[in-house]
Amino acid sequence: MVCESWKTKLDTYLDGELPSEEMRAFDIHVHNCPYCSADALTRVQTKRAIQVAGNRFTPSAEFRRRMQQSIAAKPRRGRFGFAWMTATAAIAVLAVVGLTATYNERERVRTEQVYSEVADLHVATLASSSPVDVISTDRHTVKPWFQGKIPFAFDLPELQNSEFSLLGGRMTYLDQTPGAHLIYDVRKHHISVFVFQEWSLRLPGRLNENSFAPKNVSFNMETWSQGGLRYFVIGDASAADIDSLAKLFKADAS
Amino acid sequence: MYLTRLDTQPDSFEELAMPLFDRLYNFAHWLTHNREEAEDLVQETYAKALKGFSSFRLGTNFRAWMYRILRNTFLTSRTGLKATMTLSLDSEEDGPELPVEGDTPETILMERSNLQLVQSAIDELPVYFREILLLCDVEEMSYQEIAETLSIPIGTVMSRLSRARKTLRDGLRLQFKKG
């Protein structure tokens, strides 16, 4: 094939996504090569055809009106404007104290939200008729299944000398972030292990240390951050079992 | 749509989100193939975004954030789960981009400019290919924005986009034979 090495990057060039030096080299080549210029022309026409064809659906006026009504006059993000600058020092101190208390309260609420969401994911999955999408006790089958489905890799511990057995895994989402959901069994108790990228979750600061779930979540839970990943281990098994499984993951990831 | 400075920051969720309404609806309809489901999907997206708006991080891309919510909501819906169960994305990671094998589909486009032909070919694409093609060529997102929206590395954006375009060309060729 003529100019094969150029053609492999032609779409990236036409998307304007090559580094500037390569873009310049491509400009020169495409202008001087009749094969690549013809190919580029047809690809641009395809892109334009997709653009025209892709603008296909328009929301109805009624739907737009409903949406506008439902979100009108909803929360406004706080601004630091003139009023703040002219506030007295005393008021500022009071405000700082108040804000700190509000921040702490929001952190506490957010922490509880995260625990609740993880518990919901665990319960909803076990209640499902197909709790796992990849069914296997073999970690070398389960781990590769996630390849291409989640934007990170993680290790699964060896379970040969433990009481735990792997049942399988599935993709999951927490806070709009994709992650891995693994299900383990120990003496007929099911335990979920969730793995997410730490940076992409909006987690409260108080989750940064290992911690067990508060009393109002009726499961035992452990969470920690390691190697840029956030782990949650949750289930109705004993706290000791949850901790044992967590330790296996920690040892494997270290 | 990056929000980095307080003095340029729009006041409300409505000011930020409503300009994206038409685009999000179009994208939702392409994903669901159904008007009612598209409306439900957009509605749920806005409800989730509104709920999480207070924790939306300045300096991050609001448009990508909204599309990511919509896309993740779709993927966890019954229609989304059904649509994604049929495609294996094995071996796409950072693979080489594929060269075009012949230019017949483009020639077809040049000669016929058939809008319906292209729409049918996009419709026939598996959802992972359809969404990335629409984000790139219709929404004109950069690779970085697409990576943020789909939560995948840029290398995967490039290889998946390349495969999507090749599949579309094959689809156009097939549509042409049918027509």
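The values are calculated or read from the model by the stated rules, or taken from the named source; none is laboratory data. All values reported here derive from a predicted model rather than from experimental measurement. Virtual Cβ from ideal backbone geometry, glycine too; neighbours counted across all protein chains shown.
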Subject >> A:T102 vs. criteria surrounded by 10 or more Cβ atoms within 10 Å (Cβ to Cβ), at pLDDT 85 or above and within 12 Å of chain B (Cβ to nearest Cβ) >> reply: no
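For every residue, the table says whether it meets (1) under 30 Å from B:E39 (Cβ atoms); (2) among the charged types (D, E, K, R); (3) modelled with pLDDT under 70; (4) within 12 Å of the chain's Cα centre (by Cα).
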residue: B:R78; (1), (2), (3), (4): yes, yes, no, no
residue: B:L81; (1), (2), (3), (4): yes, no, no, no
residue: B:E97; (1), (2), (3), (4): no, yes, yes, no
residue: B:G102; (1), (2), (3), (4): no, no, yes, no
residue: B:S113; (1), (2), (3), (4): no, no, yes, no
residue: B:I146; (1), (2), (3), (4): yes, no, no, yes
Subject >> When residues of the range A:126-171 are limited to those that are small (G, A, S) and within 14 Å of another protein chain (Cβ to nearest Cβ), the one farthest from B:G80 (Cα to Cα) >> reply: A:A153
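In the range B:129-150, what residues are hydroxyl-bearing (S, T, Y) and buried (at least 22 other Cβ atoms within 10 Å of the Cβ)? Steps first, answer last, please.
From the range B:129-150, those hydroxyl-bearing (S, T, Y) are B:142-143, B:149; that's our starting set.
The answer is B:T149, and nothing else.
Got at least one residue in the range A:191-212 being modelled with pLDDT of 90 or more, surrounded by 15 or more Cβ atoms within 10 Å (Cβ to Cβ), farther than 29 Å from B:R57 by Cβ and of a type outside the set (G, A, S)?
Quick first cut of the range A:191-212, residues modelled with pLDDT of 90 or more only: A:191-196.
Cutting the leftovers down to surrounded by 15 or more Cβ atoms within 10 Å (Cβ to Cβ) gives us A:191-196.
Then drop every residue that is not farther than 29 Å from B:R57 by Cβ, which leaves A:191.
Right, trim to of a type outside the set (G, A, S) and you get A:191.
Looking through the range A:191-212, at least one residue is modelled with pLDDT of 90 or more, surrounded by 15 or more Cβ atoms within 10 Å (Cβ to Cβ), farther than 29 Å from B:R57 by Cβ and of a type outside the set (G, A, S).
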Original post:
Only one of B:T4, B:T60, B:T32, B:T8 is crowded, with 20+ Cβ neighbours inside 10 Å and at pLDDT below 95; which?
Top reply: B:T32
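Go through the range A:6-26 and give me each residue that's within 9 Å of another protein chain (Cβ to nearest Cβ) and part of a helix (DSSP H, G or I).
Filtering the range A:6-26 for residues within 9 Å of another protein chain (Cβ to nearest Cβ) gives A:7-12, A:15-17.
Passing the criteria: A:K7, A:L10, A:D11, A:T12.
Of all residues in the range B:53-70 being more than 9 Å from chain A (Cβ to nearest Cβ) and part of a helix (DSSP H, G or I), which is farthest from the chain's Cα centre (by Cα)?
To start, the set of residues in the range B:53-70 that are more than 9 Å from chain A (Cβ to nearest Cβ) comprises B:59-64, B:66-67, B:70.
Within this subset, residues satisfying the condition of being part of a helix (DSSP H, G or I) are B:62-64, B:66-67, B:70.
Working: B:F62: 15, B:R63: 12, B:A64: 11, B:M66: 12, B:Y67: 8, B:L70: 10 Å.
Checking each candidate, the answer is B:F62.
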**OP:** Pull up the range B:148-179, narrow it to residues that are farther than 16 Å from A:I150 by Cα and within 12 Å of the chain's Cα centre (by Cα), then point me to the one that is farthest from the other protein chains (Cβ to nearest Cβ).
**Re:** B:A164
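Considering only residues of the range A:118-158 that are charged (D, E, K, R) and part of a loop (DSSP other than H, G, I, E, B), which is nearest to the chain's Cα centre (by Cα)? Walk me through it before giving the result.
To start, the set of residues in the range A:118-158 that are charged (D, E, K, R) comprises A:120, A:133, A:138-139, A:143, A:149, A:155, A:158.
Retained after the next criterion (residues that are part of a loop (DSSP other than H, G, I, E, B)): A:133, A:138, A:149, A:155, A:158.
Values: A:D133: 18, A:D138: 25, A:K149: 11, A:D155: 17, A:E158: 26 Å.
Step by step, filter the range A:118-158, then rank; the result is A:K149.
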Original post:
Taking the range A:53-67, which residues are facing another protein chain (nearest Cβ under 7 Å) and closer than 15 Å to B:H29 by Cα?
Top reply: A:A53, A:G54, A:N55, A:R56, A:F57, A:T58, A:P59, A:F63, A:R64
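Per-residue answers, yes or no, for (1) more than 34 Å from the chain's Cα centre (by Cα); (2) surrounded by 12 or more Cβ atoms within 10 Å (Cβ to Cβ); (3) not charged (D, E, K, R):
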residue	(1), (2), (3)
A:L14	no, yes, yes
A:L18	no, yes, yes
A:Q45	yes, yes, yes
A:R56	no, yes, no
A:P59	no, yes, yes
Original post:
more than 23 Å from B:R130 (Cα to Cα), at pLDDT 90 or above and under 31 Å from the mean Cα position of the chain (by Cα) - does that describe any residue in the range A:71-86?
Top reply: no
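Please determine whether any residue of the range A:39-52 is at the interface with another protein chain (Cβ under 10 Å from one of its Cβ atoms), of a type in the set (D, E) and either under 17 Å from B:L168 (Cα atoms) or assigned to a helix (DSSP H, G or I) (or both).
Taking every residue of the range A:39-52 in turn, at least one turns out to be at the interface with another protein chain (Cβ under 10 Å from one of its Cβ atoms), of a type in the set (D, E) and either under 17 Å from B:L168 (Cα atoms) or assigned to a helix (DSSP H, G or I) (or both).
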**OP:** Of the numbered conditions (1) within 8 Å of chain B (Cβ to nearest Cβ); (2) over 20 Å from B:R169 (Cα atoms); (3) in contact (Cβ under 8 Å) with a residue 24 or more places away in the chain, A:C33 fails exactly one; give the number of that condition.
**Re:** (1)
